1. List, in the order given, every pair from 73/252; 73/136; 156/215; 110/215 whose Cα-Cα distance in the structure shown is over 29 Å.
2. Output ³J(HN,Hα) for the stretch 158-166: one whole-Hz value per residue in order, computed from phi by the Karplus curve 6.51 cos²θ - 1.76 cosθ + 1.60 with θ = phi - 60°, and x for Gly and Pro.
3. Using 0.36 nm per residue of separation minus the Cα-Cα distance, give me the extension gain between residue 85 and residue 245 in nm, one decimal.
4. Taking Cα pairs under 8 Å and at least six residues apart, what relative contact order does the chain come out at, in percent?
5. Enumerate the calculated ³J(HN,Hα) couplings along the stretch 105-114 in order (Karplus 6.51 cos²θ - 1.76 cosθ + 1.60, θ = phi - 60°), each rounded to whole Hz, writing x wherever the residue is Gly or Pro.
6. Cα-based Rg of the chain per 2.2 N^0.38 Å, rounded to two decimals?
7. Against the longest alpha carbon principal axis of the chain, how many degrees, from 0 to 90 and to the nearest 10, is the axis of helix 3-13 turned?
8. 5 Å is the cut-off here: which amide hydrogens, built 1.01 Å from N in the peptide plane, fall below it relative to residue 105, excluding neighbours closer than 5 in sequence?
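Every number in this text was worked out from the coordinates using simple rules, so none of it is lab data. Computed from a predicted model, the values in this text were never measured in an experiment. Here Cβ is always computed from backbone atoms with ideal geometry, including for glycine, and neighbour counts include all displayed protein chains.
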Amino acid sequence: MRTEIIKAISQYFNGEQWQKHMEAMREPDEEIYHIHLYVDTNIHPESLYRIMDGYHTAIGWPLDRIIDYISPKKNIMGLHGVHPYNKPHFDFFFRFNADSILSPMPTDAKEAEAGQNLLIWGKSFQDEFMSQWNFKTVGVKAEGEIRDYFLSKHWKDTLTYTADREVTHPHGYVEINFDPKVLELYAVEAMSKIGWTVERVVPCVFAVGKEYRGKIVFLLGNPEKMFDIGWVYNPDVTIRASQEYWCLGEHKGFDVWTMQQYYDMVAQCDFIKMTDEEIDAVIATFGK
């Protein structure tokens, strides 16, 4: 058993970055919507998955959803949508570093987000973000246009990507001139009509280039997937599919992250796979 690995991983979970994350999860000053962590590691994602699951069980916060494997951009992989019961969901992003068992990513790394390795978004941030726009009231005509959108090919393609087992996480993008909370309500209604169940909906933001844009995160129970509707304000249209490329530059109106993208990234890295005994030894250090 490689005791140096067990010790280093246990130290990370007792370290400053993780404990700041846990403080926000445990006793936040305000309602927290989403968290990103960035680390360096040479431990295989499958081992990290089991440790992440075991950690939350050990502290009495069992996960109530599967975790997605994802590779959102070059050199970055992640455990996406980590969701302890009745707590905010978070994403645990990592890059391969042969010299680091598990440690916070340096904030000056090009893969860090906005020069940070821990980002916490709460209600005050979201309120300020939303205050930028003078959303229009939805009248009878606008309601008809919204209902038409939820019969459109763009919406149907969003559902198709979400249901695809090879797609780990899709985004569908729209332009709107009304409050995205209204969009959320119509989306939940549209999904209920096809028998999909929505367990939780979270307003949030995410980085597109150098700016933040709005999104609505849908955590589904059936099928058990997460997908996002990203939105931009356009005062001249009620709702339409976005006319631009956002993150990956592959599809107008969509970004689609696949398992193959993740597999290709993992294949480039010489990760260490931990034994069952080593994983159990790490988990045994939690909750003490």
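1. Working: 73/252 17 Å; 73/136 35 Å; 156/215 18 Å; 110/215 24 Å.
Those over the limit are 73/136.
2. 4, 5, 5, 4, 5, 6, 5, 5, 7
3. Values: separation 160, 0.36 × 160 = 57.60 nm, distance 3.45 nm.
Contour length minus Cα-Cα distance gives 54.2 nm.
4. Values: 501 pairs, mean separation 67.4, N = 288.
Relative contact order here is 23 percent.
5. 5, x, 5, 8, 5, 5, 7, 5, 9, 6
6. Values: Rg = 19.7 Å, N = 288, 2.2 N^0.38 = 18.9 Å.
That ratio works out to 1.04.
7. Once rounded, the angle reads 40 degrees.
8. Those lying under 5 Å, H to H, from residue 105 are 38, 39, 40.
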